[in-house]
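A short worksheet on the structure shown next.
Only the coordinates and a few stated rules stand behind these numbers; no lab work does. Since the model is a prediction, treat every value here as computed from it, not as a measurement. We place every Cβ from the backbone using ideal geometry, glycine too, and count neighbours over all the protein chains shown.
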Amino acid sequence: MKEVAASRLKQILQKVSTPDKLLAALIFIHRSRNAPPRDYVSFVDAYHKIYQQRHTAVSDQSQHLESGLNKLREAAQTVDELKQAAAIQQAELDRKQQEAAADMSQIQTAMEKTGERKTEMQMLQRKLAKDSAEITTKKQSAEQALSRYVSFRVYVMFEM
């Protein structure tokens with residue numbers, strides 16, 4: 001009986017760690033049922049068929065899981081690459097923001113100086129207008145004085 005099972009289950013026995021225990025278990029099950037030898041051969045063939053089906057199912061599931069693990073590894077690698085790219089872009093963004101802040105500071109300073117110059121120019125224009133009015137007043141006063149002096153001199157000249 002052991003030889004029949006060993007010949008029919010040769011491939012399976014090579015894959016298991018304790019082939020003698022498997023054969024002993026198959027013989028024990030057959031003897032406990034008091035079945036004829038033909039039933040034992042059928043039993044061994046059925047075990048072989050069930051083992052092959054289970055092995056195929058487990059193998060397919062293992063391949064499916066391995067495929068899923070590979071996809072997860074690829075996704076993890078992609079995430080790492082994206083993190084590195086994001087870190088580089090963040091550093092570039094920080095640098096650009098610092099440049100923009102410096103430029104805004106310069107623009108604000110220039111605008112403040114422009115405002116100060118405008119205020120100063122308005123003050124100078126008011127002073128100029130005031131000085132111009134004073135000069136015009138003094139000029140008119142001087143022209144009146146000159147005209148009186150010229151008139152007086154002309155008068156004096158004719159009287160002489």
Filter region 33-54 for residues that are farther than 15 Å from LYS10 by Cα and either touching a residue at least 24 places away in the same chain (Cβ under 8 Å) or among the acidic types (Asp, Glu) (or both); the one that is surrounded by the most Cβ atoms within 10 Å (Cβ to Cβ) is TYR40
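The rows are residues; the columns are (1) aromatic (Phe, Trp, Tyr); (2) touching a helix residue (DSSP H, G or I) at 6+ places or on another chain (Cβ under 6 Å).
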| position | (1), (2) |
| --- | --- |
| SER7 | no, no |
| LYS10 | no, no |
| LYS15 | no, no |
| ARG31 | no, no |
| PRO36 | no, no |
| VAL44 | no, yes |
| TYR47 | yes, no |
| TYR51 | yes, yes |
| ARG54 | no, no |
Considering only residues that are assigned to a loop (DSSP other than H, G, I, E, B) and of a type outside the set (Ser, Thr, Tyr), which ones fall in region 1-58? MET1, LEU9, VAL16, ARG33, ASN34, ALA35, PRO36
